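Undergrad: This is the structure I have questions about; it appears just below.
Any read-out appearing in this document is the output of simple, stated calculations on the displayed coordinates, not a laboratory observation. Given the structure is predicted, the values throughout are model-derived calculations rather than measurements. Don't worry about glycine lacking a Cβ; one is built from the backbone with ideal geometry, like all the others, and counts go over all protein chains shown.
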Amino acid sequence: MLDYDPKIKIMIESKPNEPMDHTYIPTIGHAIGLGLLTNAPERVGCLIESAHAILAGLDPSDEMGYAMAHNKLWSVHLNDQNGLKYDQDKSFGSVDLRRALNQVRILDRHGFGNNGEWIGLDVKAMRTQKAEVATKHLSNSREIFLRLLEISRSLDDGKIKQLVSTRDYEELDRYILKSLIG
Ligand SMILES: [Mn+2]
């Protein structure tokens, strides 16, 4: 594809498994590595989906940070996931709010979007809903993203730095959790 169209750019969306088997590019590290082996590494980037990182037993925000450090995070698919099984594509933040906050925070603090990157919401309707409410997974995910962005920007960086430097991680946990509870 890269040879066929000299203008095309490709994003690799890593994922460790489908319901029935393993897949070949399980993590964003594998995706970045594979991109470097192509004829045009500068035209190969990555897309991180929260649930896919969780399925690999990884923290989505760590994966995002790793990809951004390589200038390879070109898009994200935010959602949520219960444990290690087929990907559920649940509404963003619906399983683990703190894990969601960490994703919002790392994207915001490292300029994701400043070069035109998009945030996608790879979420699905619950099966048993009525048709008239079946698109709420989209508006709910957007609303939670924006609320978490507000919370992240309200955190006191000086206080966080001081707690880290004194290694008072219990207090840091409490500060973050209290900010989430509101
Ligand atoms: Mn996806």
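Undergrad: Anything in segment 108-141 that is within 16 Å of the ligand (Cβ to nearest atom) and in contact (Cβ under 8 Å) with a residue 24 or more places away in the chain? List them, or say none.
TA: Of segment 108-141, the ones within 16 Å of the ligand (Cβ to nearest atom) are 117-125, 137-138, 141.
The answer is Glu117, Trp118, Ile119, Gly120, Leu121, Asp122, Val123, Lys124, His137, Ser141.
Undergrad: With the requirement that a residue be surrounded by 12 or more Cβ atoms within 10 Å (Cβ to Cβ), of a type in the set (Gly, Ala, Ser) and closer than 20 Å to Asp108 by Cβ, what does segment 131-182 give you?
TA: Within segment 131-182, Ser141, Ser152, Ser179 meet the criteria.
Undergrad: Could you list, in sequence order, all residues of segment 70-89 that are under 12 Å from the mean Cα position of the chain (by Cα) and of a type in the set (Ser, Thr, Tyr)?
TA: Ser75
Undergrad: Separate question: Can you name the residue in segment 90-120 that is under 12 Å from the mean Cα position of the chain (by Cα) and in a loop (DSSP other than H, G, I, E, B) and, of all such residues, is surrounded by the fewest Cβ atoms within 10 Å (Cβ to Cβ)?
TA: Selected residue: Phe112.
Undergrad: In this structure, is Val95 under 20 Å from Val123 (Cβ atoms), of a type in the set (Val, Ile, Thr), more than 16 Å from the ligand (Cβ to nearest atom) and touching a residue at least 24 places away in the same chain (Cβ under 8 Å)? Reasoning before the result, please.
TA: Working: under 20 Å from Val123 (Cβ atoms): yes; of a type in the set (Val, Ile, Thr): yes; more than 16 Å from the ligand (Cβ to nearest atom): yes; touching a residue at least 24 places away in the same chain (Cβ under 8 Å): no.
Spelling it out, it is not the case that Val95 is under 20 Å from Val123 (Cβ atoms), of a type in the set (Val, Ile, Thr), more than 16 Å from the ligand (Cβ to nearest atom) and touching a residue at least 24 places away in the same chain (Cβ under 8 Å).
Undergrad: Further, regarding this structure: Which members of segment 51-75 meet the condition of being under 19 Å from Ala125 (Cα atoms) and free of Cβ contacts under 8 Å to residues at least 60 places away in the same chain? Break it down stepwise before answering.
TA: From segment 51-75, those under 19 Å from Ala125 (Cα atoms) are 51-52; that's our starting set.
The one that is under 19 Å from Ala125 (Cα atoms) and free of Cβ contacts under 8 Å to residues at least 60 places away in the same chain: His52.
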